[in-house]
Amino acid sequence: MAVAHRLLRRGLSAASPLPSLRSLLLVSPQELGRRPASSAAAGDAAAELRGAREDVKQLLKSTSCHPILVRLGWHDAGTYDKNITEWPKCGGANGSLRFEIELKHGANAGLVNALKLIQPIKDKYAGVTYADLFQLASSTAIEEAGGPKIPMIYGRVDVAAPEQCPPEGRLPAAGPPSPAEHLREVFYRMGLSDKEIVALSGAHTLGRARPERSGWGKPETKYTKNGPGAPGGQSWTSQWLKFDNSYFKDIKERRDEDLLVLPTDAVLFEDSSFKTYAEKYSENQDAFFKDYAEAHAKLSNLGAKFDPPKGISIE
């Protein structure tokens, strides 16, 4: 990332026409955040979520948009502050990222494209909240790219108005003066550990950084000049639509100038605590997958208000 921040600034565009931003944002608050309470309705909600998941899978096959969907889920959840107990002031996975004011935060550059990609799915499955759809799309993208199965639950309630969006500045930066200190400041605020910081960083095995969005990376490399999706940007790995432990191997070796290494990537092998996990993951993909799945699931639940309180399983 600068974990959630960069997974970040790399988006992939779809080939087909997409709805305008204005049409996405002019949604009545009364239509948002609805969640039926009865057990029968919960069963209907699970069915809608399963249908939405299948549509996300088809979207991934047709557009190769895995990285930007992962980033969408992370940036909605990654605003969480464990020191704030009031919902939704605490931020987190509450669907606030659909509002223009938050989409315009610097760290969210390009994420309007992700919203446009999944809006037809939201329209089709009206009972699925944005908060759930963002996290469903993110976890499904990881799994469809070859990553681990994420133990997800659903039932997140949406915030109702843009006034409930979190303030700008809660997401990680890519090149802070003190990378280790910065990562800990941001992720400890969310209640995450050093192990979880390193595991989540490994999702950079997917995607690209684009200098026009983040100010980082090359305009194009031999790995990105032909796409898929919109060509260009600089990836962390050579097979940047495949989820594996290549990120850790490539950062450790640094043998390819066409692969991106940000200050917040390099520090994973420089800081003594981070290095313990980074070395482990570079050598053992199964260990990385196990820890990543747990960390991703935890991130996806941060700040979420569930209805029903125990959530909904769709497995």
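In the chain, helical runs assigned H by DSSP with n ≥ 4 each contribute -39500 (n - 2.57); averaged across all residues and rounded to the nearest 500, the mean residue ellipticity at 222 nm is -13500 deg cm²/dmol.
Please report the relative contact order for the chain, taking Cα pairs under 8 Å with a sequence separation of at least 6, and give it as a percent rounded to a whole number. Worked out over the chain, it gives 28 percent.
The angle separating the long axis of helix 179-189 from the principal Cα axis of greatest extent in the chain is about 20 degrees. Spatially, the range 190-223 and the range 114-153 are offset by 20 Å when compared through their Cα centroids.
Separation of the alpha carbons by more than 22 angstrom is noted, of K61/K218; K195/K290; K218/K242; K89/K305; K61/K195; K124/K290, for K61/K218; K61/K195; K124/K290. Residue-wise HN-Hα couplings along the range 200-214, as the Karplus relation 6.51 cos²θ - 1.76 cosθ + 1.60 with θ = phi - 60° gives them from phi, are 5, 4, x, 5, 5, 4, 9, x, 9, 9, 10, x, 6, 9, 9 Hz; Gly and Pro carry x. With R₀ set to 51 Å, the beta-carbon distance separating N226 from K310 gives a calculated FRET efficiency near 0.65.
Treating r as the C-beta distance of D258 and E294 and R0 as 30 Å, the FRET efficiency rounds to 0.40.
The Cα center of the range 260-315 and the Cα center of the range 64-78 differ in position by 14 Å. Residues of the range 175-200 with the amide nitrogen closer than 20 Å to a label point 7 Å from the Cα of T85, along Cα-to-Cβ, please. In the range 175-200, the label zone of T85 (backbone N under 20 Å from the point 7 Å along Cα→Cβ) covers 189-192.
On the basis of the beta-carbon distance and an R0 of 25 Å, A266 and K242 show a calculated FRET efficiency of 0.65.
Can you tell me the 0 to 90 degree angle between the C-alpha axis of helix 111-124 and the longest principal axis of the chain, rounded to 10? So the helix axis and the longest Cα principal axis differ by about 30 degrees. Relative to the longest principal axis of the Cα atoms of the chain, the long axis of helix 272-283 makes an angle of roughly 90 degrees. Karplus-derived 3J(HN,Hα) values for the range 301-315, using 6.51 cos²θ - 1.76 cosθ + 1.60 with θ = phi - 60°, are 9, 4, x, 7, 10, 9, 9, x, x, 7, x, 10, 9, 10, 7 Hz; glycine and proline are entered as x.
Readers should treat all values here as calculations from the given coordinates under stated rules, not as data from a laboratory. Everything quoted here is computed from the prediction, not taken from an experiment. Using ideal geometry, Cβ is built from the backbone for each residue, glycine included, and neighbour counts are taken over all protein chains shown.
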